[in-house]
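**Student:** One structure is given below, represented as structure tokens, and several questions about it will come after.
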Amino acid sequence: MNAGRQARSAKIRAMTRILGIDPGSQRTGIGIIDADAGGASRHVFHTALDLLGNETFPLRLKQIFDEVCALIAEHQPAEAAVERVFMARNPDSALKLGQARGAAICAVVHSGLPVTEYAAKEIKQAVVGGGAADKTQIQHMVGVLLNIPRKLQADAADALAVALTHAHTRASVQRIGIPRTAWRRRR
């Protein structure tokens, strides 16, 4: 095998495991992929944590923290990405979503992983190609991109979409050599 082919083969094998999280106060989506330096991705794991069996909201937050920590220990991701909170019409819902997101981020940081945040529009743009995509479009495109033949649960699909967005963004940042914060549009 020549040196060029060996270098390409080593680059292909160099995969980064990425944890994607779609936080929610009733269900939190978890998606894990392996991505190479070019952004090509492979499905590893996905689930939706059902939080409704808890007697109190604080117990839901504990479940998020505990289960995210356990999944990190089991799957050993190197990086994590989480969806940013959007402004909901209902202030109580927005607060609960923010707290669920905080519990997930705390679990990631507690486990020693770097975490990157993405707005919902960024995720939809990266996965579907448009910032106004609906849940059905996200589920379909995630299935296509990760070669998952069965229909995905919506929260798990959203979490995988977050991980895919991070993989594609990482690859773009490496290609152009400019930090993400420099090329993101300012509000």
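**Student:** Which condition number does E117 fail, the rest of (1) over 12 Å from G31 (Cβ atoms); (2) in a helix (DSSP H, G or I); (3) without any contact (Cβ under 8 Å) to a residue 40 or more places away in the chain being met?
**Tutor:** The single condition E117 does not satisfy is (2).
**Student:** Condition first: closer than 18 Å to I33 by Cα and assigned to a loop (DSSP other than H, G, I, E, B). Now tell me which residues in segment 127-151 satisfy that.
**Tutor:** Of everything in segment 127-151, those that are closer than 18 Å to I33 by Cα and assigned to a loop (DSSP other than H, G, I, E, B) turn out to be V128, L146, N147, I148, P149, R150, K151.
**Student:** Return the residues of segment 20-36 that are part of a strand (DSSP E or B), under 15 Å from A119 (Cα atoms) and of a type outside the set (A, V, I, L, M); say none if nothing qualifies.
**Tutor:** Across segment 20-36, the qualifying residues are G20, D22.
**Student:** Tell me whether segment 64-86 contains one or more residues that are in contact with a Lys or Arg (Cβ under 9 Å, 6 or more places away or on another chain), assigned to a helix (DSSP H, G or I) and more than 17 Å from I32 (Cα to Cα).
**Tutor:** no
**Student:** Hey, another quick one. Quick check: is even one residue across segment 82-103 of a type in the set (G, A, S), farther than 18 Å from T28 by Cβ and either surrounded by 14 or more Cβ atoms within 10 Å (Cβ to Cβ) or modelled with pLDDT of 95 or more (or both)?
**Tutor:** No, every residue in segment 82-103 fails to be of a type in the set (G, A, S), farther than 18 Å from T28 by Cβ and either surrounded by 14 or more Cβ atoms within 10 Å (Cβ to Cβ) or modelled with pLDDT of 95 or more (or both).
**Student:** A further question follows. Being more than 20 Å from A37 (Cα to Cα), in a loop (DSSP other than H, G, I, E, B) and modelled with pLDDT under 90, is that true of even one residue in segment 174-184?
**Tutor:** Yes, there is a match, as at least one residue in segment 174-184 is more than 20 Å from A37 (Cα to Cα), in a loop (DSSP other than H, G, I, E, B) and modelled with pLDDT under 90.
**Student:** Taking the options R60, R42, R17, name whichever one is assigned to a strand (DSSP E or B), surrounded by 17 or more Cβ atoms within 10 Å (Cβ to Cβ), basic (K, R) and modelled with pLDDT of 95 or more. Spell out how you get there, then give the answer.
**Tutor:** Numbers: R60 fails: assigned to a strand (DSSP E or B); R42 fails: surrounded by 17 or more Cβ atoms within 10 Å (Cβ to Cβ).
Residue meeting the stated conditions: R17.
**Student:** Could I ask something else about it? Only one of these conditions is not met by E55: (1) touching a helix residue (DSSP H, G or I) at 6+ places or on another chain (Cβ under 9 Å); (2) farther than 13 Å from L19 by Cβ; (3) surrounded by fewer than 20 Cβ atoms within 10 Å (Cβ to Cβ). Which number is it?
**Tutor:** (1)
**Student:** Can you spot a residue in segment 126-139 that is within 22 Å of Q76 (Cα to Cα), modelled with pLDDT under 95 and not hydroxyl-bearing (S, T, Y)?
**Tutor:** no
**Student:** I would also like to ask the following. For A119, are the conditions met, namely being small (G, A, S) and touching a helix residue (DSSP H, G or I) at 6+ places or on another chain (Cβ under 6 Å)? Lay out the reasoning, then the answer.
**Tutor:** Values: small (G, A, S): yes; touching a helix residue (DSSP H, G or I) at 6+ places or on another chain (Cβ under 6 Å): no.
Here the answer is no, as A119 does not meet what is asked.
The values are calculated or read from the model by the stated rules, or taken from the named source; none is laboratory data. The structure displayed is predicted, hence computed values, not measured ones. With ideal geometry, Cβ positions are generated from the backbone for all residues, glycine too; neighbour counts draw on all protein chains shown.
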